[in-house]
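No lab work stands behind these numbers, since they all come straight from the coordinates. All of these numbers come straight from a predicted model, not from anything done at the bench. Reconstructed Cβ throughout: ideal geometry from the backbone, glycine too, with neighbour counts over all protein chains shown.
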Amino acid sequence: MKTRRTFLFIIVLSLSLSSALFAQTNPKFMPVDEVRAGMKGVGKTVFQGTTIEEFNVEVLGVLKNNIAPKQDMILARLSGGPLEKTGIIAGMSGSPVYIDGRLIGAVAFAFPLSKEPIAGIQPIGQMLNLLDLKPAPANAVAQAASLPVPAVSPTEFVHRLIQEAAAGKPLHELLLPQFAGNHGTVSTSAASLVHIQTPVMLSGVTPAAVQHFTPFFNAFGLTPVQAGGSSTAELRAAAINQKLEPGSAVNVEMIRGDFNYTANGTVTYVDGDKVYAFGHPNLGSGSTDLPMSQGYVITVLPNIQNSFKLAAPLNVVGAFKQDRNTGIAGLVGGQSKMIPVTLTLQSSTNSVNRYSFEIANDRFLTPLLMNFSIFNSITASERALGEMTIAVSGKIHLKDNDSINIGNIFTGDMNGPAMASVAAIAPVQYLMTTGYDGAVIQKIDLDIVSTERKTSAALESISVDRTEVRPGETINLTAFLRGTSGASFVERYPVQIPAGLPAGSIQLLVGDGTTVTSGELRRGPAGAPKDLPQIIRELNKLRRNDRLYIKVTSNEPGVVIGGEELPSLPPSMAAVLNPNRSSSRSVSSTGSSTIREYEMPQSKYVIQGQRSLTLTVLP
C-alpha cells in the first residue's frame, strides 16, 4: 500500500511538473514566475447574454504557496464593466486573464465582503494537468471516492438512516460525509481568500427545499439562485453556431428536466476538444461525468454580500470529466450518462403531479440530489409540519440484475417529507456506496401518496387459539390494535407452525417492521453482503411499517454468514463456524434463531409495537 501511494504521488507530481513546464515553454501562457506587481492586462467574461466582454486587471503581487504546498496565487485588482458597483461576481470563476496577450490564469478567489474587486487568480500552469488525470477503473473509484464503503448490512444501513431522520437529524448530515465540503469556501475571517461562490441555478425548486439544503450549499461554496429553467428555444437555436471559448459562460448540469440544478461559471482555456474552467472545484468530486452546456447570462445582480450572475443553460455540448482543487475540465463532444427518474405524487387534495427529470450518475451526488428532488416535490404541494401520512414506493432498475423495490410509509406531526425522501434514497445510497461491480442504475421510478392526517395504530396485545401445537399445524393469531382516535379493532391471521420442529418451546414474536428490525439489530451485527445479488435480495426484503410481521423463533443459537442467517445449526456445524475461533466481519453468532417469518397483508394503518408469547411444540 505504501509503495502504491508513493507511485501515485510520483505520477501526480510528474504530471504537475510536466504541465508547469508546458506552461513555461508555450508562448500562449505567461508562467507565474514571470508575473510581477504592477503588470496590467485584461480579463474576459460574460456580463449579459453570450457576448464576451473585457475587464481590466492590475497585478498586485504573487502569493507563494498560498492555497496549498507548491500552489501559488496571483493577487490582482479588477475594474471595468459593472465591477465597480458589484465587486467580484459569483459566476466569474474561470474568467481568463491575459497580460501582453498571454494567458496567466483564471479569476477564482476573492475576499469575503471586500469593498473592492480584488481577486485571486489561479495560475494556468496549475490547471493544465486536470485532464491528464485518467479516471480510475470503476471498482477503484468506488474505493477511493468521497464516501466510505458500508461495512454493515443493507438492513442496518437503511434502518439507521431512517431512525436518524425520525430523530430530526438534518438531511445534509445524513448524506454528506463528515470530511466533505469546505473546499476553501468557508472562512471565519474576511482577511482570507476563498473560492468565489458558484451560483447554482434552480428551477422548479421550492423555498422550503432551498432552506433545508442550505448547509449543503454553504459547505461547497454554492450560491442557490431560484431562476427559470432552460432558456427559450430561440436562444438555444441562436447558440447552435457558437462555440465555447475563453470567457464564455459554461454550466455544469446536475439535474435537468422538470427540476433543474445547474452550476454556472466561466471557460478559462480551450485546447481542441479540451475545456478548462472555474479555476477551483465545483464539488471536488474528482473523476466525474456531468453534462457541459453553454450558458446564457440574463443579468448580473449586485448584492451587498455577494453579487451573482443570473444565468440559464443552453445546449449541452460535452461532458466534464474532472472536478479537482485547481478547476474543472471536460471534453467537447463528450457524453454523460444521467439517470432518468419519474416521480408521481398524489397530494392530500387528490391532485396528481407527474415529474420527469434526469439526475447525475455519481456515487456521491446521486443520493444527495435524489433526496433534494424528492423533498422538493413533496414540499411543492404539501406542508412540512402538521398531521401527515406519506407512503413512498417504487423501483430501482438495474442493468443485468433484478430490480430493487422501494417501499415504506410514515405518519406523524413533523419530518414527513424528510422521512419519505430518506426512505426512498437509502437503498440508492447503499447500492452506490458498496463498490461492487455491476451496480449500474438504468432508471428510477417513484410513487408518493400523501394524506393530511395521521393513520397510526398501536399493537396492544396478541393471543392464539391454543398454546400447544404440533409441527405443521396452523393456529389462529389475533392482534388487538388501537388507533389514534382511541378506537380498538382486531385483525386475525392464520400462522403455520413449521414442520420438522423438535419438541420443546418456541416463541411467537409479532411486531411492526421498524420494531422487529430494531430487535434483530440489537442481537448483533449481520455484516456486509458478499456480492451484489445478495445486496439486492436483502434490499428487497426490507420491512415496511404498514403491516405486521410474525416471527417463529427458538432459543437455539444461530450464525450469520455474509449477512444471511443460518438458524438452529447442528452442534457440530455450530462449533466449526463459531466466530470465537476466528476473526471475520462476515461471521457473527446469534443467541436465538429465526425459524420462519411471515409478512402479513398490508394494513390501512402505520402500525407500532411488538408483542410475543411462548408456544409448546408437542412431539
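Data table
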item: Computed E for Asp273/Asn405 - FRET, C-beta separation, R0 60 angstrom, nearest 0.05; result: 0.90
item: Cα-only radius of gyration and Dmax that characterise region 426-542, units Å; result: 19.7, 51
item: Neighbour cut-off at most 16 other Cβ (10 Å), DSSP loop, GluC sites (Glu not before Pro), region 413-493; result: Glu452, Glu473
item: Burial ranking of peptide ranges 83-94, 474-485 (average Cβ count within 10 Å, highest at the top); result: 83-94, 474-485
item: Protection proxy ranking of 353-359, 289-295 - average other beta-carbon atoms within 10 Å, highest first; result: 289-295, 353-359
item: Length released on extending from Leu301 to Phe480, taking residue separation times 0.36 nm less the Cα-Cα span; result: 58.2 nm
item: Karplus 3J(HN,Hα) series, Hz, for region 397-406 with 6.51 cos²θ - 1.76 cosθ + 1.60 (x for Gly, Pro); result: 8, 10, 6, 6, 9, 5, 6, 10, 7, 10
item: Protection-proxy order for peptides 95-105, 417-427, each taking the mean of Cβ atoms within 10 Å per residue, highest first; result: 417-427, 95-105
item: For region 326-333, 3J(HN,Hα) per residue [Karplus equation, 6.51 cos²θ - 1.76 cosθ + 1.60, θ = phi - 60°, Hz, x = Gly/Pro]; result: 9, x, 10, 8, x, 10, 5, x
item: Built amide H within the under 5 Å cut-off of Leu103, gap 5+; result: Phe29, Met30
item: Under the Karplus curve 6.51 cos²θ - 1.76 cosθ + 1.60, θ = phi - 60°, whole-Hz ³J(HN,Hα) for region 534-539, x wherever Gly or Pro sits; result: 5, 4, 4, 4, 5, 5
item: Cα→Cβ-extended label distance, 7 Å offset, between Ala37 and Asn350, nm; result: 7.5 nm
item: For Ile118, Ile444, Ile196, order by how many other beta-carbon atoms lie within 10 Å, fewest first; result: Ile118, Ile444, Ile196
item: Overall Cα dimensions of region 339-451 - principal axes, largest extent first, Å; result: 43, 22, 22
item: Whole-angstrom gap from region 298-317 to region 49-94, using each part's C-alpha centre; result: 17 Å
item: q = 0.25 Å⁻¹, region 37-98: log10 I(q)/I(0) [Debye, one scatterer per Cα]; result: -1.10
